[in-house]
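The values are calculated or read from the model by the stated rules, or taken from the named source; none is laboratory data. If you're wondering where the values come from, they're calculated on a predicted model, not measured in any experiment. Every residue, glycine as well, gets a Cβ built from its backbone with ideal geometry; the counts of neighbours run over all protein chains shown. What goes into the accessible areas is simple: the full protein's heavy atoms, side chains included, and nothing from ligands, DNA or RNA. Shrake-Rupley method; radii C 1.70, N 1.55, O 1.52, S 1.80 Å.
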Amino acid sequence: MTTMIGSEEIHQFGFIVDTISKSQAVIKNIERELMCPSCKELYTHPLILPCQHSICHKCVKELLFLTMEDSTDVSSEVSSPGSPRVRIQSPSVERLDRILRSATQHRSYFMRSRGSKRNSLTPKITTLSCPGCLHDVDLGERGINGLFRNFTLETIVERYRQAARAATAIMCDLCKPPVQESTKSCLDCSASYCNECFKIHHPWGTVKAQHEYVGPTTNFRPKVLMCPEHESEKVNMYCEICRRPVCHLCKLAGSHANHRVTTMSNAYKTLKEKLTKGIGYLISKESQVQTQISELQILITRTKSNGERALEEATYNFEKLFNILEERKTFVLKSIQDCQSTRLERLQNQMEEYQGLLENNGLVGYAQEVLKETDHSCFVQTAKQLYTRIQKASESLKTFHPAADSSFEDYFVDVSKEENLLSDLSFNKALEMPEINEKESKIYNSAKICWSRPNDSGLADSYVLEYRKLDKSEDPMWNEVETTSTNKVLSDLDLNSSYCFRVQGLKGSVCSPRSKEIVLRTPPAPVFSFFFDDKCGYNKEHLRLNDRRDTVESIAGLPLLLGAERVQVGCYMCLDYIIADVGITKGKYFWAFSVEPYSYMVKVGVASDIKLQEWLHNPRDISSPRYDQDSGHDSGSEDVAFDASQPFTLATIGMKKFVIPKASNVSTAYNERTIPLPSRIGVCLDYDKGKVGFYDADTMECLYERDVDCIGTMYPAFALMGGGVIRLDEVIPAKQLDYSQEM
């Protein structure tokens, strides 16, 4: 984009950098934007390539020379394949200029020669690979001479260098000793001056007084950007097709004759506006980027710690397996060895016993000799003992059983199952994703977020609940709280704000996927906690309170049944009112409750103690149908007039519907008078502004709002007729607040 700026606009282009510096915007790592992609140093006389990347003048020459050298080397190798390649040292700028001029002249000569064709081995010195985008770019027939010099980038580099050497002063070029520090530099004279010398050499009223001067500098760049194709013409137009500055000759008869061009001032204004907006956007998003960088730093730290913990746990688990295997190995080997020793001992004893049977041969011979004895008494005396021995040896031969089994099949260790388990040992057994229970999760005075455990074999040891405030102006980081249970109460949330929640399971270093995000909105005002009052105007015959006084039920009692004989036409039943046990005298508060869907008619809202006393001390004629708020008179004017005469400002609920009144002073986004009954209803009273709003307490969406005359103490008020139940929302955590200091 900087290539479009003309001679006068170049000086003005610096206003962007000046604006950034004046607004104290922090530009970090600008040095890398001022580095040449080829030499990796600050730009020196940068040129703009056709691909819009900048590169030092000397670097372009070096790249072209290396390209030509490679082509020459290829030609040499083709002509003499056996000759080795000899690399030439980096050439000087003067040598590059001489070689390139010579190559350009030769190339022009061959192009002008009739019938001549460029040989495939002729070096193409006008094509090079851009070190910025790594694409091959063609410089055209003019080569380097057709490239624009990037004066803007050169100016920025000079500013950066001056800032880097701010301690080194630029001295006046025309001072007599002692030389003073310069305060101005003249671009026309290419000299630096102190205040006195500038006045002397640029006197007021002369031509030199019109010279262009800047702050002290050593870089005196040319004032005019000249056309590379028409060296005597100034650049004053911009080709929108080729996206480059051109002169009027290029437009009239040059290569841009049929192209769409615009004035340099229009191109300057357009690109300056785009660049300014781009810079402004980056500056405005700096805090967001810083927040994201901080989040990335936290993730990097957490990744390192979790990785180290995973390594430790994996090492520990494998060592535990090794220890178990070693213990089992020792036990199994010892069991086999003990069994082997026992069996060998038994078999050895049996073998020795049977070896003794071999002596039976002598026993048989001895018995045969005894049989030769003819003396009866001597024979009996010897034969009795001998027969016992022979009988014992005979029984051993008849009942031979080895004393031990030689097989060790019972001691075979089957590791096939364990082998499969170890082979399948991997990271596939990850924790399943927990799921936030939107029905049980709610926001009241605090936020209670509940989630369910996944049905997996490995339950998480703990959970991390993440939440953040949804704000269009910024992208805040996620806040984290860790818990071992499946719910968490948060009490540091801002009022009237939307929050996003998600949860993740942890088991050691293993993390489950994060749950689906849910969005909940906080109440529009602080929560007002109260109980039902069982004294002021409480009808014990028609209403029933529970022990905690947070639930009231409307019942049809015996007095209503006995009075049924008077009911002939219409409905003459009265609303039974009940109010809170504490009131509001200032500020803005919110409370919520639920109404059972089967309730016939319930009215909810606020009541003034002054109007309430008037109502209690001046009872209406209950025999008149006009007394009843729901007597059938449903015109808008009557609603407004009747509502003004009542001590209450109420909304009607019944038959699973929420009824929006027809009064003209009601602001609502709904066109229908009835909407489905929300599971929780909220009321917000702004005492100071005199407004009461009715909300869907689950989504904190305002159903409608109306004005209310706040006089004295305002009480949350309720009324029931027929069967119905109202339950107050329980404070999180459940406790009765002390309002003595708030009222």
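Worth a mention:
- In nm, spacing of pseudo-spin labels at residue 207 and residue 372 (7 Å Cα→C-beta vector): 16.8
- Residues within the reach of a label modelled at residue 470 (point 7 angstrom out along Cα to beta-carbon, backbone nitrogen below 18 Å), restricted to segment 262-302: there are none.
- Hits among lysines - C-alpha to C-alpha of residue 392 under 22 Å, sequence gap 8 or more where chains match: 384
- Positive minus negative residues near residue 553 (Lys, Arg vs Asp, Glu; Cβ under 11 Å): 0
- Length gained on full extension, residue 483 to residue 348, computed as 0.36 nm times the residue gap minus the Cα-Cα distance: 41.9 nm.
- All-pairs Cα distance distribution in segment 261-327, expressed in whole percent, bin size 5 Å: 4, 13, 9, 9, 8, 8, 7, 7, 6, 6, 5, 5, 4, 3, 2, 2, 1, 0
- Look at where the Cα atoms of segment 250-296 and of segment 518-548 average out, and the two centres are 61 Å apart.
- Heavy-atom accessible area, probed at 1.4 angstrom with all protein chains present, ranks 529, 287 as 287, 529, highest first.
- Approximating the spin labels as points 7 Å out from Cα along Cα→Cβ, the residue 299-to-residue 389 distance works out to 9.8 nm.
- One chain, two ends: residue 539 and residue 707. Fully extended at 0.36 nm per residue, the span grows by 57.6 nm beyond their Cα-Cα distance.
- For residue 540, a cut-off of 24 angstrom between C-alpha atoms picks up these lysines, skipping any fewer than 8 places away in its own chain: 603, 611.
- Bridgeable lysines around residue 304 (alpha carbons under 20 Å apart, same-chain partners fewer than 8 residues away excluded): 507.
- Between residue 548 and residue 500, the modelled labels are 3.5 nm apart [label points 7 Å from Cα along Cα→Cβ].
- Most to least accessible of 151, 531 (protein chains only, probe 1.4 Å): 531, 151
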